[in-house]
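Before any comments, here is the structure.
The values are calculated or read from the model by the stated rules, or taken from the named source; none is laboratory data. For clarity, every value in this text was computed on a predicted model and none was experimentally measured. Glycine also receives a Cβ, built like all others from the backbone with ideal geometry; neighbour counts cover every protein chain displayed. Just so you know, the surface numbers come from the protein's heavy atoms only, side chains and all, with ligands and any DNA or RNA stripped out. Shrake-Rupley method; radii C 1.70, N 1.55, O 1.52, S 1.80 Å.
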Amino acid sequence: HSNGRLRGQQGVLSPTDAKTDHSRWRLRDTNGVHTWHYLESEEQIAAWPQSAAELHYLGQDTGAPPLPKAATPLQAAENGIAFYERMQLPTGHWGAEYGGPMFLMPGYVITCYVTESRFSQAEETEMIRYLFSVQNLGTKNGGDGGWGLHVEADSSVFGTAMNYTTLRLLGVPAEDPRMRRARGCLYDLNGALLGPHWAKWWLSVLGVMEWDVVNPVPPELWLLPDWVPIAPYRWCYIWSKQWVYPKADSDPLIRQLRQELFTQSHDEIKWARYRNAISPADNYHPKTHLLDFLNLILVLLWIPFLRTAAIARKAEAWTWKLIQMEDANTDYGCLATVNAPMNTLACFVAEGLDSHSFKRHREKLHEGMWMTGRGMLVCGTDGLQTWDTSLSIQSLTGIGLAHEARYKSMLLEALKFLETQQFSEHCQGYEASSLYSDPPTAKLSAQFAYRHPRKGGWGFSTKCQGYIVSDCVSEALKAVLLLQTTTNPKDTSQKVFPEVMSFERLRWAVDIILSMQNDTGGIASYETRRGSTKLEVLNAAEVFGRIMVEYDYPECTTSCVTAVHLFRQVYPDYRTKDIETFMTRAVDWIRKDQREDGSWYGSWGICFTYAGFFALESLATQGETYANSERVQWACKFFLDRQNADGGWGESYKSCETGRWCDHPDGSQVVQTAWVVCAMLEAKFPHREPLERAVRLMMERQQENGEWLQEGIEGVFNKSCMISFPNYKFIFPIKALGMYARHFSDAGAE
Ligand code: LAN
């Protein structure tokens, strides 16, 4: 029941679909690294009881007791915490189903199919259930039988061809009525030949298409000088080898897929003619003529005449080296579940089934999988542990409850978790190199796979994953600082939490943050911007926009601004001048990024409600609020003009695609309502009435046990792909209710 209200997300599960026994699934938490296990024996089951968090992830009743009905916003926040606290995992953090993108499981399943390393029976059964549960059938997205780029999207060739193939590889017969519907949808879209680059790449690996259909991704690009960091090297490696599943021609299933995925006869397809063919449903970001032209040169001139075997070998060797560096720096987990199966395949091709690299990859793929009541899915990353934990801590400190004895053990565990997740080393070899300086500065070097310094930072999921992100560093730093400075209100000389992290380690984090500012003043996500945005003319992805270089984001910029702002209050003497300059330039950038209608465009949450909340927090650090700033008034007006009659806000993911506000088809959303309330409170908006109505909505939607139910999807990346943040429905309403109570005094919002 917990995941009960999944608006618009339900497909059609047939009662005859195989299902595992959900009472046997367990989540192992090894210092934050997550793996799901299906217990086979009764002894195992008896020895390892299912926790409330596991029941929650599986969409079942968690046994959380009904609570006294909240009469005031603060009581509602406390009820929310009471429920959320039960979801904390053994090592002190929070976890969640991190689904949304519909192109990740295909990479996993194709890789395991062609390397003949299968999933367990239980996993396969549940992966099939998941894909059917999100198929566009019934009332979902017109019910045409396909899949889109992400769970809430309309059907596309990419989604449909890839997930259809995945289900077939997992053993679903072509005659299943839902598969027939899916084929019908694919044929209406004119078949798999009109898929984007990515679909063509994976289907060529599988041997269902031929490599001629794939626009070239030659690894030679990586032999160019370092200042052109342009190509995705893992694809290059496999492309260069033109590797194909060796049994493709003899495998009956592959031969069937060759008939099922196309509207014309497979043998007669002239593959090279379809290199640039793409369905309008998939073409979010058309390629430029320049890129088409360059591809033509590669195909007509470079590959047949100029690319000697020696060049190819040299380029392959270098891209292989880059793959190995990525593996070493992420313990074979890779940046995300999108490149993890590609690196897995590369290691298989280069080193074989019995190599350490392949075996370790195969294990690590597991960490990206997540079990739900609707089946098993592949997450966007190996989780969101550090990010959600930092935000969760702040929702409590932000509302003045962190000193209370009843929350002490929860918060102390969370603090200790963050301590274990800070990077204590840069990428391999970095510190020993001449590039290293203290404090670190952003330097680009092929020697370190172009990685930014990372010592002192935090990542999004775990330290194991190996990448820092500007805002993950910042939010974690804030969480640690806020807890370590929490005092007993009756005796402010008394600290509530021990000093788990020393000044030394906190200053490393600040050093990292300061190294991430761009010349614009703004801050990007993983690194500083390393090339001109004009490189977008070479964007070959078709399904994504704004991906060739890093961009400045109001969200990341704000996280960094608020982190150094807080740090400066606690340690006023460290790099005082640098911090001052950093903040001034960053907030100036935020001001410039405001649009004419008073809003900010969000890149990581949907959309204007998310970014506006961050931007107003940045301005608040400079004392810029409703009382003294036209720009802030303007931002508040943008929100007030869009408040629904029921007091809430609801914004559709179409806002991200179109760059214009689009109402959510299901009306107000608890999470977005909470973002706006936080935003307006940061702005010190003086009128109570509109916020009171919003608060009432959040209170009405709260369940008896303190929980909020899942509504529409919350997050986004690359403009077109949505991704879920299930804990936001706890983190932000709790924060908003508590902030409201602090600001306006906690009189009942009846
Ligand atoms: C994420 C998810 C979290 C997100 C926030 C922390 C919310 C953001 O503020 C900074 C960027 C970050 C960390 C982020 C970056 C890119 C990620 C890791 C993802 C969107 C999740 C998946 C994505 C990863 C690169 C896979 C992308 C797939 C492609 C097709 C490129």
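Quick notes
- With the simple model of a label 7 Å out from the Cα in the direction of the Cβ, Ala174 to Lys69 spans 5.9 nm.
- The Cα center of the range 64-103 and the Cα center of the range 124-190 differ in position by 32 Å.
- Once the Cα-Cα distance is subtracted from the 0.36 nm per residue extended length, the Glu630 to Leu296 segment shows a gain of 115.0 nm.
- A simple packing score, the average count of other Cβ atoms within 10 Å per residue, orders the peptides 522-534, 646-658 as 646-658, 522-534, with the highest score first.
- Shape of the range 634-750, Cα gyration tensor, a/c cut at 1.5: oblate
- Rounded tilt (10° steps) of 630-640 against the dominant C-alpha axis of the chain: 70 degrees
- Label-to-label distance for Asn488 and Glu116 is 6.8 nm, based on points extended 7 Å past Cα in the beta-carbon direction.
- Per residue, the accessible area of the range 456-577 comes to 34 Å² when a 1.4 Å probe rolls over the protein heavy atoms.
- Accessible area per residue was computed with a 1.4 Å probe on protein heavy atoms; Arg546 scores about 90 Å².
- Reducing the range 674-702 and the range 565-586 to their Cα centroids gives an inter-centroid distance of 31 Å.
- Of the whole protein surface, Trp318 contributes about 60 Å² of accessible area at a 1.4 Å probe radius.
- Only helices enter the 222 nm calculation for the chain: every DSSP H run of n ≥ 4 contributes -39,500 (n - 2.57), and dividing by all residues gives -13000 deg cm²/dmol, rounded to 500.
- Solvent exposure of the range 272-376 as accessible area per residue, Å², 1.4 Å probe: 45 Å²
- Shape class of the range 579-639 from the alpha-carbon gyration tensor: oblate, with a/c at 1.5 or above and b/c at least as large as a/b.
- Of all accessible heavy-atom area on the range 247-331, the percent that carbon and sulfur account for (1.4 Å): 61 percent
- Accessible surface, the range 162-228, averaged per residue in Å² (probe 1.4 Å): 31 Å²
- Estimated from the Cβ-Cβ distance and a Förster radius of 22 angstrom, the FRET efficiency linking Glu40 and Glu363 is about 0.70.
- Using the average count of surrounding beta-carbon atoms within 10 Å as a protection proxy, the listed peptides 362-369, 204-211 rank, highest first, as 204-211, 362-369.
- Relative to the longest principal axis of the Cα atoms of the chain, the long axis of helix 309-329 lies at roughly 30 degrees.
- Once the chain from Thr658 to Asp212 is taken as fully extended at 0.36 nm per residue, the excess over their C-alpha distance is 157.2 nm.
- Peptides 388-397, 270-279 ranked from most to least packed give 388-397, 270-279, packing being the mean of other C-beta atoms within 10 angstrom over each peptide's residues.
- Over 23 Å between alpha carbons, listed pairs Lys364/Lys735; Lys478/Lys592; Lys654/Lys729; Lys478/Lys729; Lys455/Lys719; Lys364/Lys463: Lys364/Lys735; Lys478/Lys592; Lys455/Lys719
- Nearest-ten-degree value, helix 385-397 long axis tilted from longest Cα axis of the chain: 20 degrees
- For the pair Asp597 and Leu709, a Förster radius of 30 Å applied to the C-beta separation gives a FRET efficiency near 0.40, rounded to the nearest 0.05.
- The apolar share of the surface of the range 432-562, taken as the fraction of accessible area on carbon and sulfur atoms (1.4 Å probe, ligands and nucleic acids excluded), comes to 52 percent.
- For Lys637, a cut-off of 17 angstrom between C-alpha atoms picks up these lysines, skipping any fewer than 8 places away in its own chain: Lys684.
- Three-way shape label, the range 343-442, alpha-carbon gyration tensor, a/c 1.5: oblate
- Whole-percent carbon and sulfur share, accessible surface of the range 34-110, 1.4 Å: 57 percent
- Inter-probe distance in nm under a simple model that places probes 7 Å from Cα toward Cβ, at Ala317 and Asn283: 4.2 nm
- Accessible-area ranking of Glu425, Glu704, Glu78, largest first, probe 1.4 Å: Glu704, Glu425, Glu78
- Centre separation in Å (Cα based) which lies between the range 592-606 and the range 388-455: 27 Å
- Pairwise FRET efficiency - Ser502 versus Tyr450, Cβ, R0 = 30 Å, nearest 0.05: 0.45
- Linear extension gain, Asp21 paired with Asp646, 0.36 nm per residue minus alpha-carbon span: 220.9 nm
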